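See below for the structure under consideration.
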Amino acid sequence: MSIKSFNKILIANRGEIAVRIMKTVKKLGISSVAIYSEVDVDSYHVRYADEAFCIGDQELNETYLNVEKIISVALKSGCDAIHPGYGFLSESPTLVDACNKAGITFIGPTIEAITLMGNKIEARSFVKKTGVPMTEGITGDTEYLIKNANKIKYPILVKAAAGGGGKGMRIVTDPKKLREILETTSREALNYFGDGTIYIEKYIEEPRHIEFQVIGDNYGNVIHIFERECTIQRRYQKIIEESPSPTLTEAVRNKMGKSAVDIAKRVGYNSVGTIEFLVDNDLNFYFLEMNTRIQVEHPVTELVTGIDLVEEQIYVAAGNKLRLKQEEIKQLGSAIESRIYAEDPANNFLPNPGLINLLLFPEGENIRIDSSIDRASIVHSFFDPMISKVIVWGKTRDKAIELSIKSLEKFIIHGIKTNIPFLINVLAHDTFRKNKLSTKFCDEHINDILNQAIIAKKKMGYEIPIISLALYTLNNCEVKNNDSTWDTIGYWRNTMNVSFECDENEVSLEILSLRPTEKIFAFNNKSLKIYDPHISKNKVEFKLNNTLYTAFISADLNGAYDISINGSIFKVKRNDILFLGADYNHSNDDEEGSLFAPMPGKVIKVNVKKGDKVSRGKVLLVVEAMKMENNIIASQNAIVDKVSVNEGEMVDTNVQLIVLEEIK
């Protein structure tokens, strides 16, 4: 019997998942087609594809969410299948219907499965009939939910019926805040999923988040490919996942696997998907939802089972019978995935889009990188802030943790803030290592985790990054075009002091000797002998006190340098260099009482007008960036003196939004 396949597949997505799918498509000898918006014209997925077609400017409704344009490109380019990846249209019945009408295979489940399981209210009702346990919940409009919420003991969870990926979900502990949270969640759900329907359910206090990977074919065969634990989350979005779960016993694992397969079979599931559960402290599990698509964290399953899930998904979509047998699938070793986001954990995980001026990936055995970028480039505010994933495999969980930390320390991103130091300190945290976790881990330990990053920098001290920059800039062509005291007078003097700024602290370094194999500096009256310095592009290695240091260095647009050492990033500037660069200060709009955009984004709601009196904590505007709503609030009781923006307006970083006049 011959194996059925496709000739050409359009990937209706962008970023790392598009590239990841294309890699398997090429491995199978199938041509790949990319779509892109104009802001993505030079993106990795566009350059990686065999063919690429621009379908619009930047608005999602005109590009990655535009079914008509996607189908048109697929037909024009001769594609016989479309893979939706995750997010965007991956769970869209509209896209499936359009594919069916156009005679194009949708690489995913049936329209019936997507419709049933895509609506969380209908999915709960369906699964309840199977006998799989779930938390109690209430459905209805806003007024009905407010009236009946007290039937469930607080805290409760407000969720979008069409939600997914951690979006459209909020915990309510205070009944007085229920209305506001219901309205905000509904608006967010309508914006992201095109459906503002919401419901409430009981919130489990210290849950684990564990999901089972399932796959089915068109002949009624369904199996599971074991579980992933996704308990480490921030803002209800996963940031670290692992397989196997260190929490489950073999008995509970088998029981959950059987429940997952039972649900998928009853749905008539015929693709790759995930059944998600919450697990309490007593290992009781409750159905949460089904995701009818490939998921961000699928690589950890691939590393412990050796199965290419995208390949199997394509295989069954082409009309082949499932070739995997349940009894043949084994978990070997341990895999951990760390998601890298363009965000600032110290500032409430605020998205931090912008220009990356240095990008270096970790390399080595058992390290896998799935990334939306392959070189220094701009991270736009229009899309989700996740830019890369580091996935590692180890013989044991402890070995996988250690390799994850080492890999993240060597993952260098300069120019924007990322959560890399945060991830390192989560993985190194004693509570994580001992698996004493719940989905509230990040909330409960946020200060401790952030402080560990500060402690690590203090422990290293300023001398290491300063010495690194001194070595790097000695006779380095990168600074030759600037006015440097060192270049003017040469290095003929026996000693000289050079002033630096390190993380906004002014310090000095004394140069005592500059021999080729040995450099001697003095810092805080302490002599420091540097041996075997090796300097290359963006990198310095040297020995100090029998310790080998490796520093990764890049210059920013303002004449300062980002220096990464062991996962910590220092901002260092040589004060003897005159930099004639751009001035990024505010213009004359920098008025007292002004509130500015914290990042590039879109104003989606303006709650006030000139002359309004506002109280401290009042939400004045809502700016959407990287699929996240960011409330601009009043820090004091005030009168609105000026509103500088309108709803629907795109704003850049530090654009004035509103001016408040303090009430005396």
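The values are calculated or read from the model by the stated rules, or taken from the named source; none is laboratory data. In this text the structure is predicted, and so the values were computed from the model without any measurement. Note that we place each Cβ from the backbone using ideal geometry, even for glycine, and neighbour counts take in every protein chain shown.
Structure notes:
- Restricting region 106-138 to residues that are touching a Leu at 6+ places or on another chain (Cβ under 8 Å) and outside any loop (DSSP other than H, G, I, E, B), the residue that is surrounded by the fewest Cβ atoms within 10 Å (Cβ to Cβ) is GLU122.
- Condition met for PRO465 (modelled with pLDDT of 95 or more, more than 30 Å from GLU241 (Cβ to Cβ) and not charged (D, E, K, R)): yes
- Counting only strands (runs of 3 or more DSSP E) that sit completely within region 174-288, those holding 3 or more residues that are hydrophobic (A, V, I, L, M, F, W, C) and closer than 25 Å to GLY108 by Cα correspond to 208-216, 222-234, 272-279.
- When the criteria are applied in full, LEU182 fails the requirement of being free of Cβ contacts under 8 Å to residues at least 12 places away in the same chain, touching a strand residue (DSSP E or B) at 6+ places or on another chain (Cβ under 9 Å) and over 22 Å from ALA260 (Cβ atoms).
- Residue count for region 374-421 satisfying the condition of being among the hydrophobic types (A, V, I, L, M, F, W, C), under 28 Å from ASN61 (Cα atoms) and under 17 Å from the mean Cα position of the chain (by Cα): 7.
- Meets criteria (under 16 Å from the mean Cα position of the chain (by Cα) and either over 20 Å from PRO345 (Cβ atoms) or of a type in the set (A, V, I, L, M) (or both)) for ILE424: yes
- Residue in region 414-424 that is β-branched (Val, Ile, Thr), surrounded by fewer than 19 Cβ atoms within 10 Å (Cβ to Cβ) and either at pLDDT 95 or above or not assigned by TED's automatic domain parsing to the domain that holds GLN233 (or both) present: no
- Of all residues in region 323-334, at least one satisfies being within 30 Å of CYS79 (Cα to Cα) and outside the structural domain of ASN630 (by TED's automatic domain parsing).
- Of all residues in region 296-320, those that are in contact (Cβ under 8 Å) with a residue 24 or more places away in the chain and assigned to a helix (DSSP H, G or I) have Cβ atoms under 7 Å from Cβ atoms of residues that are surrounded by fewer than 19 Cβ atoms within 10 Å (Cβ to Cβ) and small (Gly, Ala, Ser), 6 or more apart or on another chain, in VAL304/GLY333.
- Residues of region 413-452 that are among the β-branched types (Val, Ile, Thr), farther than 26 Å from ILE356 by Cβ and out of contact with any strand residue (DSSP E or B) (no Cβ under 8 Å at 6 or more places or on another chain): THR431 alone.
- Selection status of ALA625, outside the structural domain of GLN237 (by TED's automatic domain parsing), at pLDDT below 75 and either over 28 Å from GLN58 (Cβ atoms) or buried (at least 17 other Cβ atoms within 10 Å of the Cβ) (or both): yes
- Any hit, region 527-541, residues being closer than 22 Å to ASP503 by Cβ, outside any loop (DSSP other than H, G, I, E, B) and at pLDDT below 90: no
- Among the residues making up region 343-365, those that are under 16 Å from the mean Cα position of the chain (by Cα) and assigned to a strand (DSSP E or B) are GLU343, ASP344, LEU350, PRO351, GLY354.
- Boolean, ASN352 is over 28 Å from ASN119 (Cα atoms) and surrounded by 23 or more Cβ atoms within 10 Å (Cβ to Cβ): yes
- The residues listed here are LYS389, LYS406; of these, the one that is among the charged types (D, E, K, R), touching a residue at least 24 places away in the same chain (Cβ under 8 Å) and within 17 Å of VAL296 (Cα to Cα) is LYS389.
- Scanning region 243-254 for residues that are free of Cβ contacts under 8 Å to residues at least 12 places away in the same chain and either more than 16 Å from SER334 (Cα to Cα) or crowded, with 16+ Cβ neighbours inside 10 Å (or both) yields a count of 2.
- Single residue of SER338, SER381 found to be out of contact with any Phe, Trp or Tyr (no Cβ under 7 Å at 6 or more places or on another chain), part of a loop (DSSP other than H, G, I, E, B), of a type in the set (Ser, Thr, Tyr) and in the same structural domain as GLY394 (by TED's automatic domain parsing): SER381
- Residue count, region 31-49 (criterion: touching a residue at least 40 places away in the same chain (Cβ under 8 Å) and farther than 26 Å from LEU355 by Cα): 1
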